[in-house]
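What follows is a short report on a single structure.
The values are calculated or read from the model by the stated rules, or taken from the named source; none is laboratory data. If you're wondering where the values come from, they're calculated on a predicted model, not measured in any experiment. Please note: Cβ atoms are built from the backbone with ideal geometry, for glycine as well, and neighbour counts cover all protein chains shown.
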Amino acid sequence: MKNIDLLRDIFTNKDLLDQALTHRSWVNEHKGVRKSNERMEFLGDAILEYVVSKEIYDLFPDKEEGYLTALRASLVNTVALAEIALKLDLGPKLFLSKGEEDGGGRTNSSLLADTVEAVIGAIFMDGGMDRAEEFIRENILVHVKDKAAKPLKDFKSRLQEAVQAKGFTAPKYQVIEESGPDHSKKFVIEVLVNGKPWGRGEGKNKSSAEQEAARQVLTKKVQ
């Protein structure tokens with residue numbers, strides 16, 4: 001796994017990497033310098049899903065669609081991608097507004113995960129599919145065997161089992177905040193157990209935000 005400084009060396013057009021590291025908050029404070037990474041994130045997300053889907057389809061020929069979907073989610077969810085970002089040391093290199101930085105943007109899991117997808121998009125634009133696939137293999141697919149060896153139930157399923165085992169009703173999820181343009185939405189979801197808020201999660205769609213909320217509860221509240 002290359003850190004961000006070594007990763008920069010593989011780029012022919014290093015401006016593409018700078019754009020991949022540029023949050024929209026920075027663009028708002030630096031009008032006309034360059035665009036945000038949101039379009040690259042959109043592209044990288046699609047490339048990542050394709051490469052991971054094809055790899056696990058080939059690796060596990062006897063597994064059903066449900067298993068493959070759960071395995072893919074464990075490899076490309078917000079938490080997994082944020083861990084990749086931390087290992088690449090992306091946080092200190094992000095272009096953020098002062099407000100976003102003061103608010104903890106450099107360690108924000110959702111923001112870091114989005115940046116990894118944007119980096120994948122930038123690598124594709126600079127070096128093509130082979131280079132993007134190489135990055136995904138070195139940084140994400142390397143964890144396939146470890147992920148496959150662990151329980152693959154998603155966080156919502158595990159939380160439901162945990163709270164019902166304690167005699168509670170099934171958790172409910174509600175949208176607390178929705179922001180951003182249509183192609184790059186951000187959702188904040190609150191999870192309720194017996195009508196009381198137990199945790200919140202953020203994601204680019206309702207599903208991922210719900211999973212993050214459930215993960216937060218499992219980590220902090222449900223043993």
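Just one of the numbered conditions (1) in contact (Cβ under 8 Å) with a residue 40 or more places away in the chain; (2) surrounded by fewer than 19 Cβ atoms within 10 Å (Cβ to Cβ) is not true of Q19; which one?
Among (1) in contact (Cβ under 8 Å) with a residue 40 or more places away in the chain; (2) surrounded by fewer than 19 Cβ atoms within 10 Å (Cβ to Cβ), the lone unmet condition for Q19 is (2).
Can you pull out every residue in the range 181-194 that is surrounded by fewer than 20 Cβ atoms within 10 Å (Cβ to Cβ), touching a residue at least 12 places away in the same chain (Cβ under 8 Å) and not β-branched (V, I, T)?
The answer is P181, H183, S184, K185, K186, E190, L192, N194.
Among the residues that make up the range 29-51, is at least one of them polar (S, T, N, Q) and in a helix (DSSP H, G or I)?
No, the range 29-51 contains no residue that is polar (S, T, N, Q) and in a helix (DSSP H, G or I).
In the range 56-76, which residues are over 17 Å from N139 (Cα atoms) and not acidic (D, E)?
Across the range 56-76, the qualifying residues are Y57, L59, F60, P61, K63, G66, Y67, L68, T69, A70.
Failed condition for G127, given (1) over 17 Å from D9 (Cα atoms); (2) in a helix (DSSP H, G or I); (3) of a type outside the set (D, E), with all others met?
Going through the list (1) over 17 Å from D9 (Cα atoms); (2) in a helix (DSSP H, G or I); (3) of a type outside the set (D, E), G127 breaks only (1).
What number goes with the only condition from (1) under 22 Å from Q211 (Cβ atoms); (2) in a helix (DSSP H, G or I) that P92 does not pass?
Result: P92 passes all but (1).
Just to verify a result, which residue in the range 156-180, among those that are among the β-branched types (V, I, T) and modelled with pLDDT under 90, is surrounded by the most Cβ atoms within 10 Å (Cβ to Cβ)?
If we take residues in the range 156-180 being among the β-branched types (V, I, T) and modelled with pLDDT under 90, then V163 is surrounded by the most Cβ atoms within 10 Å (Cβ to Cβ).
Within the group I120, I176, which residue is touching a helix residue (DSSP H, G or I) at 6+ places or on another chain (Cβ under 7 Å) and aliphatic (A, V, I, L, M)?
I120
Those residues that are of a type outside the set (K, R), in a helix (DSSP H, G or I) and under 27 Å from L43 (Cβ atoms), I need them from the range 130-154; list them, please.
Once the filter is applied, which keeps residues that are of a type outside the set (K, R), in a helix (DSSP H, G or I) and under 27 Å from L43 (Cβ atoms), the range 130-154 yields D130, A132, E133, E134, F135, I136, E138, N139, L141, V142, H143, V144.
Looking at the range 155-205, which of the residues that are within 16 Å of the chain's Cα centre (by Cα) and in a helix (DSSP H, G or I) is farthest from A80 (Cα to Cα)?
Among residues in the range 155-205 that are within 16 Å of the chain's Cα centre (by Cα) and in a helix (DSSP H, G or I), the one farthest from A80 (Cα to Cα) is H183.
Considering each residue of the range 111-155, count those that are farther than 30 Å from S97 by Cα and either surrounded by fewer than 20 Cβ atoms within 10 Å (Cβ to Cβ) or modelled with pLDDT of 90 or more (or both), and give that number.
The number of residues fulfilling the criteria is 22.
Could you list, in sequence order, all residues of the range 52-67 that are at pLDDT 90 or above and not in a loop (DSSP other than H, G, I, E, B)?
Selection gives V52, S53, K54, E55, I56, Y57, D58, L59.
Looking only at the range 75-110, how many residues end up being more than 8 Å from the chain's Cα centre (by Cα), small (G, A, S) and surrounded by fewer than 22 Cβ atoms within 10 Å (Cβ to Cβ)?
Adding up the residues that qualify gives 6.
Out of L159, L112, L152, which single residue is without any contact (Cβ under 8 Å) to a residue 40 or more places away in the chain and in contact with a helix residue (DSSP H, G or I) (Cβ under 7 Å, 6 or more places away or on another chain)?
None of the other options fit; the residue is L112.
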